[in-house]
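The values are calculated or read from the model by the stated rules, or taken from the named source; none is laboratory data. From a predicted model like this one, the values you see are computed outputs, not experimental measurements. Every residue, glycine as well, gets a Cβ built from its backbone with ideal geometry; the counts of neighbours run over all protein chains shown. What goes into the accessible areas is simple: the full protein's heavy atoms, side chains included, and nothing from ligands, DNA or RNA. Shrake-Rupley method; radii C 1.70, N 1.55, O 1.52, S 1.80 Å.
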Amino acid sequence: MGRRNLGPSTRSIYLCLACLSLALHIILAFFCLTVLQTACVLPNSSSSSLNPRTYNQKHQSSSSHKLSISYQNDAIATEKKMIGSGRVNQVIEGATKLEALFKHPLYNLPEVGLLEEDWLLRVTKNEHVGDDMEEDINSDSHWQSTGQEEGYDKVSWTSDAETHPLWLQFHLGITRRKLYNRKDLTVAKMTHYLATQHILGAVQKSGGTQLKLLVSFPNYGQALLKPRKQSREAETDVNLFYFSDFERHNAEIAAFHLDRLLGFNRIPPVVGRLINVTSEIREITTDRKLSRTFFTSPAGNVCFYGQCDYYCSTEHPLCGQPHSLEVSLAAMLPDLSLAPRRSWRSPWRRSYSRTKQAQWEKDPAYCDTVKETPPYNHGTRLVDVIDMAILDFLMSNMDRHHYETFEKFGNETFLLHLDNGRAFGRHSQDELSILAPLQQCCRIRRSTLLRLRLLSNPVFRLSDVMQQSLAQDPLATVAPLLSEPHLAALDRRLATVLQVVETCEEHRDDVIFNDLGTSN
């Protein structure tokens, strides 16, 4: 068969197609390079992702790690496109800033699945029942109250979540990665439960330096009560040492909301409530030491002071008006017999002395020692402590001497941010020493930094979303839980945190760490 001769026009067409194919390959290669660069470079804008935290690497496959990194990269790219096209402002159209914040990609990433050992508590079947009785326990064995205790509900619980009281649902939702899932409706129901449940009993809780009560509910739930000690507008006396400050009920409430806005989810649900000190404490308490401290003030108000190390005297009474008293109620964690916790001394603990300084206050290179000390030399523990320091700085809490973790999860788990009553004491002064872990170590978790940048954006301004979040608390109908100066201080301190990070980045290349605890 003879060879066909191609005319000049045909050869021109082939040449054009070859050039077009080459151009498309070059464009494709450039696009791939851009995507890879986007995934590796931290965006300057307030953007990006909450990487699902993987604490126990031996329980996670390499494919799970790759999936987690993929989620983070996708969120970064999506956020950059949103900012570049101006769509960040469009997100909040028709929604409050708070609603828009929780719809943001940073707060809505898919999560890597949990393994059985990643749950703190699980409901299990009775393994001691024989096969012939299997049909009788098809819905699992149940716990039924005797109904003999006066005032308590007669309840029957099985492995079916619908039969569990809210406090038990909260306990069963605790995992290796966080105390609760923000999207879980149990948290919202839990705060409503704390604000409305009938109080069946109240006794003093041992431990600590100031008065707090343990209250009981008819469904066998309990809560930690801290009473109002001073007005919300009052600032801590500048001459008062941090370890002598009052514990504030509104500080506990505000700390829960701030922790949630930062995406940490490490403080148990807390809610404000008005109680009747006569009918809901004095008349029902079985604590004789507490009951002996009740009296009627010259103004006709019912007061008490309890027994504790600080401020438990007739000179510092807790008084109703004449019976009504503001308190905070915090959900209790599982009993230590079921879920033991380990208490860790903070490396940046203060001296709690009027004259002495702690080692970290005298040694600028103190973090070098911490980095070599277990458990801070591996995993996420060090950046977890820095997360906690950022939270404390924003709310001006100098009283972080210890923190706790659940023993079951070993060292690969989150830190519990408990006992925040001495926060929000002074709005006119920023205590930079609280940021010592960040300043000395120059490390920060990438997802934390990205959220902080987002909250510094006027569209999601921290003070605005904090105000909207606190407005959901029942006590907000009485008066704002944080005064305007305290809200303004949040924005000012947030700018300081970001400035510290920027200074670190000017001198170091290993400032940003991913959620696996390794440098990016």
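Identify the residues of region 452-476 with backbone N under 14 Å of a label point that sits 7 angstrom from the Cα of Lys103 along the Cα-to-Cβ direction, or state none.
Label zone hits: 460.
Might you report the magnitude of the Cβ-based charge dipole of region 170-287 about its Cα centre, with Lys and Arg at +1 and Asp and Glu at -1, to the nearest 20 debye?
In total the dipole reaches around 600 debye.
For region 201-276, what is the largest minus smallest coordinate of the Cα atoms on each principal axis, given in angstrom and ordered from greatest to least?
44, 32, 24
How much accessible surface area, in Å² rounded to 10, belongs to the heavy atoms of Phe295 with a 1.4 Å probe?
Rounded to the nearest 10, the figure is 60 Å².
Put a dot 7 Å past each Cα toward the Cβ at His198 and Glu431; how far apart are the dots in nm?
Here the modelled spin labels are 4.3 nm apart.
Report the residues of region 347-385 in range of a label on Asn411: point 7 Å along Cα→C-beta, backbone N strictly under 15 Å from it.
Of the residues in region 347-385, 347, 369-385 have backbone N under 15 Å from the label point off Asn411.
Hey, with R₀ at 45 Å, roughly what FRET efficiency would Asn239 and Val155 work out to, going by the Cβ-Cβ distance, to 0.05?
0.30
What nm distance separates the two modelled labels at Leu121 and Lys362, each placed 7 Å from Cα along Cα→Cβ?
It is 4.5 nm.
Which of the residue pairs Lys212/Lys371; Lys103/Lys154; Lys97/Lys408; Lys189/Lys229 have a Cα-Cα distance greater than 31 Å in the structure shown?
Details: Lys212/Lys371 36 Å; Lys103/Lys154 40 Å; Lys97/Lys408 38 Å; Lys189/Lys229 27 Å.
In this structure, Lys212/Lys371; Lys103/Lys154; Lys97/Lys408 lie more than 31 Å apart at Cα.
How much length, in nm to one decimal, is gained on full extension between Gln468 and Ser351, taken as 0.36 nm per residue of separation minus their Cα-Cα distance?
Details: separation 117, 0.36 × 117 = 42.12 nm, distance 3.68 nm.
My answer for the length gained is 38.4 nm.
Can you tell me the FRET efficiency between Leu185 and Thr163 if r is taken as the Cβ-Cβ distance and R0 is 22 Å, rounded to the nearest 0.05? Walk me through the numbers before you get to the answer.
Numbers: r = 17 Å, r/R0 = 0.76.
After rounding, the FRET efficiency stands at 0.85.
Rounded to the nearest 0.05, what FRET efficiency do Leu20 and Arg508 give with R0 = 35 Å and r taken as the Cβ-Cβ distance? Could you check?
On the way: r = 47 Å, r/R0 = 1.34.
That gives a FRET efficiency of 0.15.
Could you give the Stokes-Einstein D for region 261-330 in µm² per second, using the C-alpha Kirkwood radius, 37 °C, 0.692 mPa s? All intermediate terms of the calculation are to be shown ahead of the outcome.
Details: Rh = 13.5 Å.
The estimated diffusion coefficient comes to 243 µm²/s.
Considering only protein heavy atoms and a probe of 1.4 Å, how much of the accessible area of region 353-439 is carbon and sulfur, as a whole percent? Numbers along the way, then the final one.
On the way: 1520 of 3310 Å².
On region 353-439, the fraction of accessible area on carbon and sulfur atoms equals 46 percent.
Sort Arg122, Arg182 by heavy-atom solvent-accessible area, probe 1.4 angstrom, most to least.
Greatest to least solvent exposure: Arg122, Arg182.
Sticking with the crude label model, points 7 Å out along Cα→Cβ, report the distance from Glu315 to Ala479 in nm, one decimal please.
2.4 nm
Among the trypsin sites (Lys or Arg not before Pro) in region 300-373, which ones are in a DSSP loop with at most 16 other Cβ atoms within 10 Å of the Cβ? Mind listing them? Before the final figure, lay out each step's value.
Values: sites: Arg341, Arg342, Arg345, Arg349, Arg350, Arg354, Lys356, Lys362, Lys371; in loops: Arg349, Arg350, Arg354, Lys356.
The qualifying sites are Arg349, Arg354, Lys356.
Nothing charged except the Cβ atoms of Lys and Arg (+1) and of Asp and Glu (-1): what's the magnitude of the dipole of region 327-468 about its Cα centre? Round to the nearest 20 debye.
Details: 20 positive and 16 negative charges, 30 e Å.
Here the size comes out at about 140 debye.
At 0.36 nm per residue, minus the direct Cα-Cα distance, what do Thr209 and Gln307 gain on full extension? Give it in nm, one decimal, please. Intermediate values should be presented prior to the final figure.
Working: separation 98, 0.36 × 98 = 35.28 nm, distance 0.96 nm.
Roughly 34.3 nm would be gained on extension.
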